[in-house]
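A quick write-up on the structure given underneath.
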Amino acid sequence: MNHSLRIIFMGTPDFAVASLNRLLTDGCNVVAVITAPDRPSGRGLQLTESPVKKAALAAGLPVLQPEKLRDPQFLEQLQSYKADIQVVVAFRMLPEVVWAMPTIGTFNLHASLLPQYRGAAPINWAIINGETQTGVTTFFIEKEIDTGQMIFQDAEPIHPHDTAGTLHDRLMIRGSELVLRTVHAIEAGVFPRIPQPATEEFKAAPKLSRETCEINWYQTAEAVQNFVRGLSPYPVAWTKINGKPYKIHKVSVSNQSDFAAMPGQAHTDNRKFLHIKAENGWLSVDELQAEGKRKMTVEEYFRGNKL
């Protein structure tokens, strides 16, 4: 394979590192990496480099970290690399002046089977909605977010006990292989440009907020369990018990005998179990986290606390 194609890679979190490393191990000609500026994090608020920046520096690649993507100095630097293609994995929205710059264009890796689950949180929402399959898609970036012509797709099953974390890790690897396959096809000059099908049944994947992560117990036990799985390990579902907020990391359907209770009502022995009523049955809370505390099993929590 002739790796003459000049590639600029754009990404920030761990999810993107796998794709960058896959391109590099294959010998692709990555000429520069664009990632987020260093941000304060941790208790000491020390400046922290993004995972993609660390990987790029380890590989000896030039790294650009623009605060503003329309900054003239940044655009001049970007232009100087004379990229044939830009590869975007888990980065921010690009202005047209950036995505239209390379001769071939810019393609993005999205963690869903487009056109479903356009948006910022496709992995979370696929599990929340009880899907049994999702996948990854590469597509050319156009003006409307996540709507560009598709190149390739690859499906991935969602298992009954998957969390957003376990699914994220599998899609990260599957996505890295799809990125490489896409680059190979572009290098060979033979690649599809498939318009996204029009459908009236779009399932969106909007950005998650604290408000959208609160558990609604007026749902089936299965729906609540999917909700908790889809938000684990981040940003984590939460609920109030006796007026205090708790993060709920893991639940399972309980065989709790059904006595008169309203959805959201808790039942516990303050030793080994905590059950909460859903619309059609009970859920056992297996792992929770009180404010200012670490994540614990229910038994661990009850060794020093009562509800």
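The values are calculated or read from the model by the stated rules, or taken from the named source; none is laboratory data. Just so you know, these numbers come straight off a predicted model, no measurement behind them. FYI the Cβ positions are ideal-geometry reconstructions off the backbone, even for glycines, and counts take in every protein chain you see.
Of all residues in the stretch 146-190, those satisfying the criterion of being of a type in the set (S, T, N, Q) and assigned to a helix (DSSP H, G or I) are T166, S176, T182. State which residue is surrounded by the most Cβ atoms within 10 Å (Cβ to Cβ) when the search covers only the stretch 199-209 and only residues that are out of contact with any strand residue (DSSP E or B) (no Cβ under 8 Å at 6 or more places or on another chain) and in contact (Cβ under 8 Å) with a residue 24 or more places away in the chain. Residue satisfying both the conditions and the ranking: L208. The one condition from (1) surrounded by 15 or more Cβ atoms within 10 Å (Cβ to Cβ); (2) over 30 Å from V285 (Cβ atoms) that F227 does not meet is (2).
The rows are residues; the columns are (1) in the same structural domain as H168 (by TED's automatic domain parsing); (2) without any contact (Cβ under 8 Å) to a residue 24 or more places away in the chain; (3) among the acidic types (D, E).
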| site | (1), (2), (3) |
| --- | --- |
| D14 | yes, no, yes |
| V17 | yes, no, no |
| L20 | yes, no, no |
| L24 | yes, no, no |
| V30 | yes, no, no |
| I34 | yes, no, no |
| S41 | yes, yes, no |
| G44 | yes, yes, no |
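Is at least one residue of the stretch 50-60 among the β-branched types (V, I, T) and modelled with pLDDT under 95? Scanning the stretch 50-60, I find no residue that is among the β-branched types (V, I, T) and modelled with pLDDT under 95, so the answer is no. For S232, the stated conditions do not hold, so it cannot be described as of a type in the set (G, A, S), in contact (Cβ under 8 Å) with a residue 24 or more places away in the chain, closer than 19 Å to G130 by Cβ and not in a loop (DSSP other than H, G, I, E, B).
Quick check on the stretch 102-134: of everything there that is polar (S, T, N, Q) and within 11 Å of the chain's Cα centre (by Cα), which residue is farthest from H161 (Cα to Cα)? Quick ask: steps written out before the conclusion?
So in the stretch 102-134, the residues polar (S, T, N, Q) come out as 103, 106, 108, 112, 116, 124, 129, 132-134.
Subset that is within 11 Å of the chain's Cα centre (by Cα): 112, 124.
Working: S112: 19, N124: 14 Å.
Across the stretch 102-134, the extreme among qualifying residues is S112.
Filtering the stretch 13-32 to residues that are buried (at least 20 other Cβ atoms within 10 Å of the Cβ) and either within 18 Å of I141 (Cα to Cα) or within 19 Å of the chain's Cα centre (by Cα) (or both) leaves F15, A16, V17, A18, S19, L20. State whether the residues of the stretch 74-84 include one that is under 22 Å from E187 (Cα atoms), in contact with a His (Cβ under 9 Å, 6 or more places away or on another chain) and surrounded by 15 or more Cβ atoms within 10 Å (Cβ to Cβ). No.
Within the stretch 100-110, identify whether any single residue is under 30 Å from F227 (Cβ atoms), in a helix (DSSP H, G or I) and not hydrophobic (A, V, I, L, M, F, W, C), and answer yes or no. Break it down into steps so the answer makes sense when it comes.
Keep residues of the stretch 100-110 that are under 30 Å from F227 (Cβ atoms), which gives 108-110.
Next, only the ones that are in a helix (DSSP H, G or I) stay: none.
No, that holds for no residue.
Residues in the stretch 241-252: is at least one under 16 Å from I127 (Cα atoms) and surrounded by fewer than 19 Cβ atoms within 10 Å (Cβ to Cβ)? So far as the stretch 241-252 goes, yes, one or more of its residues are under 16 Å from I127 (Cα atoms) and surrounded by fewer than 19 Cβ atoms within 10 Å (Cβ to Cβ).
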